[in-house]
Amino acid sequence: MKWWEVKLKEATYVDGYCVHVRYSNALEADVDLSDLLSHPFYAPLKDKSVFAKVKVGEEVSVLVWPNDIDLAPEFLYERAQQANQGSISNGLD
């Protein structure tokens, strides 16, 4: 199984710049994305009321925010694995 075979099923704002994500392979984690905000593309998300509007995209299984801001699915999946510290066996290469 590859990362692209696993679907992001749910994304919920936690607080600060943290999002709880749940994947189709049972991987769940709270992912801190605060380090992304220094990049100009993500600057609008410094406003926590905007950041809190995070959701799973309707057409593609990725995190999305208003103003066409999204996050690469492989990056988010890797972050979720790191946050979870490998406590769930997911069978990915």
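The values are calculated or read from the model by the stated rules, or taken from the named source; none is laboratory data. What you are looking at is a predicted structure, and each value in this text was computed from that prediction instead of being measured. Using ideal geometry, Cβ is built from the backbone for each residue, glycine included, and neighbour counts are taken over all protein chains shown. Side chains are part of the model used for accessible areas, which takes the heavy atoms of the whole protein and leaves out ligands, DNA and RNA. Shrake-Rupley method; radii C 1.70, N 1.55, O 1.52, S 1.80 Å.
Structural remarks
- Criterion violated by Arg22 - all others in (1) closer than 20 Å to Gln85 by Cβ; (2) at pLDDT below 95; (3) of a type outside the set (A, V, I, L, M); (4) open to solvent by 60 Å² or more (accessible area, probe 1.4 Å) satisfied: (2)
- Near pairs, Cβ below 7 angstrom, 6+ apart or cross-chain, from region 44-64 (in contact (Cβ under 8 Å) with a residue 60 or more places away in the chain) to any residue that is small (Gly, Ala, Ser): none
- Qualifying residue in region 30-41 (condition: surrounded by 16 or more Cβ atoms within 10 Å (Cβ to Cβ), touching a helix residue (DSSP H, G or I) at 6+ places or on another chain (Cβ under 6 Å) and not in a helix (DSSP H, G or I)): yes
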